[in-house]
1. Ordered by packing density, taken as the mean number of other Cβ atoms within 10 Å over each peptide's residues, highest first, how do B:452-465, B:101-114 rank?
2. Based solely on its DSSP helices, what 222 nm [θ] is calculated for chain A when runs of n ≥ 4 H residues each add -39,500 (n - 2.57) and the sum is averaged over all residues, nearest 500 deg cm²/dmol?
3. Build a GNM of chain A with springs between Cα atoms under 10 Å: which of A:A15, A:A52, A:A66 gets the top mean-square fluctuation?
4. Provide the buried accessible surface between chains B and A in square angstrom, both chains summed, 1.4 Å probe, rounded to the nearest 100.
5. So who's got an amide H within less than 5 Å of the one on A:F151, skipping anything under 5 residues away but keeping other chains? H placed 1.01 Å off N, in plane.
6. Could you state the number of Å between the C-alpha centres of region B:386-458 and region B:53-130?
7. Take a quick pass over chain B and tell me how many lysine pairs come in under 24 angstrom between Cα atoms, counting only ones 8 or more apart or on separate chains.
8. Computing the accessible area with a 1.4 Å probe over protein heavy atoms, can you report the carbon and sulfur percentage for region A:60-127?
Amino acid sequence: MSDTKTSPIPFAFVAEFENATELYHAAEHVRDEGFKRWDVHTPYPVHGMDHAMGLGKSWLSALVLAGGTTGFLTALFLQFFTQISLYPTIVQGKPANLSTIPAFFPVLFELTILFSAFSVLFGLLIVIMLPRWNHPLFNSELFKKFSDDGFILVIESRNRKFDVEGTRAFLEKIGAKRIEAVEEDPV
Amino acid sequence: MSQTVTNAEHNVHPSDQEGIAREPLVLNNRSMSWITNRICGIVENRQPLIWWILFVPSVLLAGVLGFTLVYLVSTGVGIWGNNQPVAWGWAIVNFVFWIGIGHAGTLISAILFLTRQKWRTSVNRASEAMTLFAVVCAGIYPGFHVGRFWMVWFLAPVPNANAIWQNFKSPLLWDVFAVSTYFTVSVIFWYIGLIPDLATMRDRAVTKVRKFLYGLFALGWRGGNRQWRHYEMGYLLLAALSTPLVLSVHSVVSFDFATSIVPGWHTTIFPPYFVAGAVFGGFAMVLTLMLPVRKLYGLEDMITPKHIDNMAKIILLTGTIVGYAYIMELFISYYGANKFEKDAFHLRILSGHYTWAYFCMFFCNVISPQIFWFAKMRKNLWVVFIIANFVNAGMWFERFVIIPTSVSMDFLPGQWGFYSPSIVEKWMFLGTFGLFLSLFLLFLRFLPVIAISEVKGVLPESDPHHHDWEEIKARRNAAHRG
């Protein structure tokens, strides 16, 4: 806690908190302090943390709506174009027209779901900016606790409000149990 | 002292009230790191001897499957017992059987998620894995049933050499779309659920190979709330997409039968009846797998008697729905004016070749689960295990009853024929069990069998207000004493 090598500006401060409740209240303080580039890292999604961090609703659903619509239109085109204009297959006396339209519903439905699911996967990866296998935070041993039972708060130095002494003191004030400065990878 | 108790503090958190306290989902107040250690330990430590005792014969059986498939492709489908009039023999029976088993996994992961059933967290990962492996086994059958396996690409929506497209009005084509979509969406759902747990495995890895592989598939997950909030939305969306999907898949499978005009198949009750039956059979398979796994790896605190009780209740409910469907089918064939339908059911239950199969099915699926009306029976793990296996068998018989009995005695006596499977079909079916078990055992060996992050999320202390409530309670108790 009392290491005083303050010379280089670290990439971020990694602070561990006792439990979800403490982290939740700490997040409210950090939000109110006006930091921009910071995050809390938890073993599971903490309910209400979006509010404590001042984040809105995820907009992933908009991407998925677009994906689902694409799937629906693809199925529409695939079935009607091939069955009506390209090569009509009239088997069992069933033509492709308005009266046989229910026969096309299953494929319309399945492709809507399929494209939506793909847009969840790829949309999610784009929105959360993964895969990204290297990250300065992985240099921290303390940070790794997030995937076990650690409640971690990270404030990056790329905040206008960040200063090495002040931010460390601020983290101590809001109840951090342990604080670690993380360096960027030497290039 | 009592003046310090404000109005807000009287507002007790519902779960704290004694008397209506719910059974905890994780027993013995286990901590988060205990959960991590126990689940990751299964993968990190040596497997128990029983794992090898099961794995080696399973792989051998899977090899038998490979051998029968090579024999089938190199010789032709004549080595199977199906012919006219029963063109869909065990191949389609086993296809419907396996695909039905998959449905419980998606029900647990999607429908129970949407309905906020928190107990799903302990069993969803393994059930989803079971879904994938069952669909893999299912997919083998229609793929090879086409006869010329190298022509299987005809199923895909691409024109053939004569520029003829697939018939999109055919239920068999719907089936291709439904099953392949189901498999793909299940893989995506499973993988997205795995990402945080793979990150846990990565952060605990001690060997280079493990660190590389788990790290590769964890995609660099950092568990930040800026990731979690989108992740949760994505998971919710997938659950919302999978719910109608799982209902549609077995409905489409039932259309293979219901849209034909074969007496005994041509009924409107088929879609709901098939879906209920699929969930029923799937839960039985989940119990068949999870009861030994829970015991073997010491997961009793996470897969508690409460979980088993809930699953037994679902088996009772869906088994009763299936029973209703069986009786309604008989009633409609009696009440309806269609004499062919009446004849088909007469053959099915009274005078046909396969009446014994009908009564096996009825006993296993409708009668045997009724024992779950008794709480004591739902708590007895041996009873649950035995009934689950009755249901596994019963659901196979259901598909067997539906397929050969309806077509073995066609409209004209000249088209009557008896179907019995050949030895190749029997070994092939055993072989798919080998494949299924090998894949499941490999899953146990390499991936976390319980969703670590989700189980942590249902602990009482994971609620961000838990410690606030604890503090309030402690203060209130002190106030009462003072």
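1. Working: B:452-465: 21.1, B:101-114: 26.1.
Descending packing order for the listed peptides: B:101-114, B:452-465.
2. Numbers: 5 runs with 73 residues, N = 187.
The helix contribution divided over chain A gives -12500 deg cm²/dmol.
3. Its mean-square fluctuation being the largest, the pick is A:A66.
4. Values: alone 23580 and 12290 Å², together 29990 Å².
Rounded to the nearest hundred, the buried surface is 5900 Å².
5. The list, which skips near neighbours in sequence, is A:F17.
6. That distance is 6 Å.
7. For chain B, qualifying lysine pairs total 18.
8. Details: 2740 of 3380 Å².
In region A:60-127, the share of accessible area belonging to carbon and sulfur is 81 percent.
The values are calculated or read from the model by the stated rules, or taken from the named source; none is laboratory data. All figures in this text were calculated on a predicted structure; none of them were measured in a lab. Note that each Cβ is placed from the backbone with ideal geometry, even for glycine, and that neighbours are counted across all protein chains shown. Quick note on the areas: whole protein, heavy atoms, side chains included, nothing else; ligands and nucleic acids left out. Shrake-Rupley method; radii C 1.70, N 1.55, O 1.52, S 1.80 Å.
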